[in-house]
Amino acid sequence: MPITTGIITSETGGSSKGTGTILGINYKIPAAVILDPLIGAEYVKGSQNYTNFDFTSDQPFAFYDIRGSGYQVSYTQPLASGLTVRIGYEAVKADHTNGLFGVYCHNNDKVSSVYAKLRADF
């Protein structure tokens, strides 16, 4: 089995293609008294050679860079102008190792987490 490492490969003259799909939906709850919160859901699927180049991700495992499939659901509550808190659940199943330099293998890892994220926009 040849060893490939994302963009970097031990093979010369070859090429690899990867595909990724991201689907998402957000719904703003019309409730001005609680600052119109959002509920949302996302689905992501990436092939063996897919990479998203998401170097700015603050997630423990790069949800948008998964080589496999995953989903997340979330509730985003505005606290003030430019300040929100997001609470969510995400689950991923990696069919291949992830990351730009991950060596190809079928690892079938399944990871899920509940998270809370405070965001301030300036």
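Selection within segment 41-56: residues that are touching a helix residue (DSSP H, G or I) at 6+ places or on another chain (Cβ under 7 Å) and at pLDDT below 80. The member of this set that is surrounded by the most Cβ atoms within 10 Å (Cβ to Cβ) is 51.
Of all residues in segment 76-97, those satisfying the criterion of being under 16 Å from the mean Cα position of the chain (by Cα) and at pLDDT 80 or above are 86, 87, 88, 89, 90, 91, 92, 93, 94, 95.
Each residue in segment 1-40 was checked for being of a type outside the set (D, E, K, R), over 15 Å from residue 74 (Cβ atoms) and at pLDDT 55 or above, and 14 pass. Take the residues of segment 62-75 that are of a type in the set (Gly, Ala, Ser) and in a strand (DSSP E or B): which is modelled with the lowest pLDDT? Only one residue fits best here, namely 68. Please work out which residue is modelled with the lowest pLDDT, limiting yourself to segment 98-122 and to residues that are of a type in the set (Val, Ile, Thr) and assigned to a strand (DSSP E or B). Per the criteria, the residue is 111.
The values are calculated or read from the model by the stated rules, or taken from the named source; none is laboratory data. Please read these numbers as outputs of a predicted model, since none were measured by experiment. Positions of Cβ are backbone-derived with ideal geometry, glycine not excepted, and every protein chain shown enters the neighbour counts.
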